[in-house]
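What follows is a short report on a single structure.
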Amino acid sequence: MSVYPNAQFLFSAAAAAQFPADGGAEVAIAGRSNAGKSSAINAITARHALARTSKMPGRTRLLNFFQLSEGKRLVDLPGYGFAAGPPPERDAWALLIEALAQRACLTGLLLVVDARRGLLPADMQLLAWAEGMQRPVHVLLAKSDQLKRAEARTLLTRSQGQLEDRGSVQLFSAHAGLGLDEARRTIDGWLEKGVTTQLTQTP
């Protein structure tokens, strides 16, 4: 049974004008192309096909909005790194993401990283960009089940060192169900805080 029984795909946005109203609370999910963002969304929501998965890098070319419950949303950002697409298209993605960062309802950023590769320069660049947003960041070291236990512990320690005070990090596996509860607590905490903040600021 889904932990978010009313979770649903809302729509894809190709321009900032298509974003939903800037109300409620949103959590953005980012990561390199094929890092496992869609699988993470499906596992966290316990919905097998809420987000489409693909082995082809760069499948997500728009901002995909998912509603978990009334006023609480996830936003799947386009993959970065070796994403397919001509430069003008990639520039358009950048503009979309910048517009998202300006939304008052954005409460946090979930960064999905392939544990077999760890935090790469492109991930660190995204973290630097996220610092300007002044939003909390939580890193999912996805596909951690494919590492030996000692390797996973070493990766976690190294990642904590790389992050310093820029965010938190955990081991995660959509396939094995590793770290699901921790990821959900993080997301739910951000969303609840965002909704509460919106309510208190409403005249």
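The values are calculated or read from the model by the stated rules, or taken from the named source; none is laboratory data. Remember, predicted model here, so these are calculated numbers, not experimental data. Methodologically, a virtual Cβ is constructed for each residue, glycine included, from the backbone with ideal geometry; neighbour enumeration extends over all protein chains shown.
When the criteria are applied in full, residue 167 meets the requirement of being surrounded by 15 or more Cβ atoms within 10 Å (Cβ to Cβ), among the small types (Gly, Ala, Ser) and within 30 Å of residue 69 (Cβ to Cβ). Of the residues 150, 174, 104, which is within 15 Å of the chain's Cα centre (by Cα) and among the small types (Gly, Ala, Ser)? Matching residue, one of 150, 174, 104: 174. Is segment 143-159 home to any residue that is buried (at least 20 other Cβ atoms within 10 Å of the Cβ), in contact with a helix residue (DSSP H, G or I) (Cβ under 9 Å, 6 or more places away or on another chain), of a type outside the set (D, E, K, R) and closer than 30 Å to residue 71 by Cβ? No, every residue in segment 143-159 fails to be buried (at least 20 other Cβ atoms within 10 Å of the Cβ), in contact with a helix residue (DSSP H, G or I) (Cβ under 9 Å, 6 or more places away or on another chain), of a type outside the set (D, E, K, R) and closer than 30 Å to residue 71 by Cβ. Restricting segment 34-53 to residues that are surrounded by 20 or more Cβ atoms within 10 Å (Cβ to Cβ) and among the small types (Gly, Ala, Ser) leaves a set whose member that is nearest to residue 177 (Cα to Cα) is 43.
Can you confirm whether residue 176 is surrounded by fewer than 17 Cβ atoms within 10 Å (Cβ to Cβ) and within 21 Å of residue 118 (Cβ to Cβ)? It is true that residue 176 is surrounded by fewer than 17 Cβ atoms within 10 Å (Cβ to Cβ) and within 21 Å of residue 118 (Cβ to Cβ).
Here is a check on your reading of the model: is residue 135 surrounded by 17 or more Cβ atoms within 10 Å (Cβ to Cβ), basic (Lys, Arg) and at pLDDT below 95? Judged against the criteria, residue 135 is a match.
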